[in-house]
Structures are given as structure tokens and as C-alpha cells.
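Following: one structure in C-alpha cells, then a few remarks.
The values are calculated or read from the model by the stated rules, or taken from the named source; none is laboratory data. Values in this document were obtained by computation on a predicted structure and should not be read as measured data. Quick reminder, even Gly has a Cβ in these numbers, built from the backbone with ideal geometry, and neighbours come from all protein chains shown.
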Amino acid sequence: MSDYDPTSLEGIPEAGRARLQQNRGGLFTSDLSVNEFLLVKQAGFEPLGMVVGSSIYHIGFQASNWKQSMEMETLSGAMYEARQLAMTRMEEEADQLGADGVVGVRLEIGRYDWGENMAEFIAIGTAIRHRDGVLHRAPNGRPFTSDLSGQDFWTLLHSGHRPVGMVMGSCVYHVAHRGMFKSLSQMGRNVELPNFTQALYDARELAMERMQSEAQELRAEGIVGVQLREQSHGWGSHIIEFFSIGTAIIPREEGGETTAPTPIISLNDR
């Protein structure tokens, strides 16, 4: 985990500090849609401002064995640490606004022409605070984070639960190549490829396990909205990152009331 300092303005440019000062003065900014904005307010929260965290990170080199499926631990560590730095800086901005949490968080990766091993990791969301001063922070005292939409956030609160933090797990894995004779022997046949199956299975499980460990550290009851993403990031076809992310939740002290679902018929042409 990155060091967290709720008073830190380190790395925030002058324009960013001026932006936070404007937000503290009463002008909020938000990337919530109009519907999300209204539902967040109906849930008892006020938006305070968009908060941002950024980290441009150099991703180190690690050699792989052509014939061996294995985790690329150097790359796994880099991808996790860079995202964590961005998340921490976003949370510190939220603390500057006196927020209870950040909703609608997006974690993005940008690549530039400065170098193939460099990437910018960006965390963006809307800081919110409970209108009546009811504390909704995470058990560790930091503002909660959530990638749930405004609609899902409203529904979660009405179900008697609340978010305590976005949790994530990363695993960069090298999938062993098939030998030439093995490939030729399977040509034209319907047959499972056990080395590929097991490698991808192992990598996904490592990412999921690490995400669940973060949730346990937050003393969460469960994780909702889990996404399991796969991307190569330009390392080559046999090196893949498996990234698991979701929102850890706990029961609300005051409970809640589950709203009956409303059937909806989509009018889209799909």
C-alpha cells in the first residue's frame, strides 16, 4: 500500500490547488451523469468536486522462459503499484475537500510517445459528502472509493449496505508457447490445449485472490460489481495482464430497505 497523508498536496500543480480551493468555496464539478447526480443527492450526499490522481510509471523489464508458463512478478508489481499511487493521490484530493468518499471511479492507462515502457495511470472520480454529516468513510479512516454508477450506489445504500473501497488484484502472466511438433500433431483436430487452459486459469485466480485479500483488509462483507479484465499492454501475445476490480461493501449501521425491481423493455435495435 502507498503511504497515505490526508494533508498532502505533494505533486498537485498550482492550477490543481486553485481548483480544489474553488471546490471548497462551493463550486462543485462532477463527471456524474444528470441521472447519477440526482440519485446521489437523493441518497443524502452532496458532490464536492472531481478528484484526480496520476502516476507516470516506468515499467521494468523481466525475461520470460519461452517454454514455461509463469507469473511476471516484476510487471505485476509495477502495474499494481502505479495504480495504487494514482488511487492514493485521488483519495488525498478527496480528503482536501472533506469528502466521505469518491464515487464513479475510473482507472485508466494512457501511453505516450516518450517510451514503450512508460505509461500514465489515472484515477478519476467525484468526491461526495453526506448532507447530514453521517460518517461513511472506510474503516481505515480514508474516504471510501467505488466504481459503482450513481444508480448502483443509490440501490446499494437502500439495500442496507455501503461501499468501503475499491479493491483490485493484478497478475501479469507469461503463457508458454507450444512446441512445433505438438502444434503439428494437433493440427486439424478438436482438442483442448491444457497448457493454455491452466496458465490462464492460474493467472485469473491469482488476480481474484489478491482482490479478495484487499477486501479482507477492509473487513468487508463482500465485493460487488467485479470485473475481470485482460490486456497485453504491448508486451507481446503471450504476456497478458489479468486485472480484477470491484467495490467492497459492509452493512450499514441503520440498515435499509430493498426496492423491488422494475421490469424494463429495451427499445434498442440490438
Is it true that some residue in the stretch 88-95 is of a type in the set (D, E, K, R), at pLDDT below 90 and part of a helix (DSSP H, G or I)?
no
Matching option when the condition is at pLDDT 90 or above and basic (K, R), among R204, R178
R204
Flagged in the stretch 100-155 as among the polar types (S, T, N, Q) and touching an Asp or Glu at 6+ places or on another chain (Cβ under 9 Å), in numbering order, are T126, N140, T145, S146, S149, Q151
Take E108 and decide whether it is surrounded by fewer than 21 Cβ atoms within 10 Å (Cβ to Cβ), in contact (Cβ under 8 Å) with a residue 24 or more places away in the chain and within 21 Å of I240 (Cβ to Cβ).
no
With the checklist (1) over 19 Å from T247 (Cβ atoms); (2) part of a loop (DSSP other than H, G, I, E, B) in hand, flag the one item S30 doesn't pass.
(1)
Looking only at the stretch 100-140, count every residue that is touching a Phe, Trp or Tyr at 6+ places or on another chain (Cβ under 9 Å) and not hydrophobic (A, V, I, L, M, F, W, C) and tell me the total.
14
